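Notes follow once the structure below has been shown.
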Amino acid sequence: MRDYRAGGAALEAVPVATSGDVVTARQLVRTLAQRGGLSLVNQTKLVTAASELGRNMLVYGGGGVVRAATVAEGARAGVYAEFEDEGPGIADLDLALTDGWTSGTGMGLGLSGAKRLVDEFDITSGTRGTTVRIVMWGR
């Protein structure tokens, strides 16, 4: 995935430490999706993915920060969002991305579901935290 941070995208940041902060981050992503001209269907997909990833960041990573921006690549426009925490990391990414697997009491659709909802998905995780980057492009 292209590094939009290094590319000079004007990222807006929302610190996430509470459930209310997840709502604020989700609203930011929705606003950017509307501003970026995404269809209502793609807005809904992106916001759903952002909500899942923000919740996971809070529950499993102890909170963190969501950064998002409208982006362009050639003639297409979209929304980039990243979810970064400083939690313990994900021991087995392949397993965590498997439908139905859960480390808690959820349905096991958070990471894999978010990945299916967006056009681009990238995840890195280690002992110093997890970062998920997503992009949804306009159609």
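The values are calculated or read from the model by the stated rules, or taken from the named source; none is laboratory data. Please read these numbers as outputs of a predicted model, since none were measured by experiment. Quick reminder, even Gly has a Cβ in these numbers, built from the backbone with ideal geometry, and neighbours come from all protein chains shown.
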Those residues that are under 12 Å from the mean Cα position of the chain (by Cα), in contact (Cβ under 8 Å) with a residue 60 or more places away in the chain, assigned to a helix (DSSP H, G or I) and over 12 Å from Gly110 (Cα atoms), I need them from segment 39-75; list them, please.
Lys45, Leu46
For segment 15-38, how many residues are under 25 Å from Ala96 (Cα atoms) and either over 14 Å from the mean Cα position of the chain (by Cα) or surrounded by 18 or more Cβ atoms within 10 Å (Cβ to Cβ) (or both)?
9
Every residue in segment 86-137 that is at pLDDT below 90, surrounded by 15 or more Cβ atoms within 10 Å (Cβ to Cβ) and either among the charged types (D, E, K, R) or assigned to a loop (DSSP other than H, G, I, E, B) (or both), please.
Ile90, Leu97, Trp101, Ser103, Gly108
Flag for Glu73 being acidic (Asp, Glu), out of contact with any Gly (no Cβ under 7 Å at 6 or more places or on another chain) and surrounded by fewer than 19 Cβ atoms within 10 Å (Cβ to Cβ)
yes
Residue match in segment 59-72 (condition: at positive phi and either polar (S, T, N, Q) or in contact with a helix residue (DSSP H, G or I) (Cβ under 9 Å, 6 or more places away or on another chain) (or both))
yes
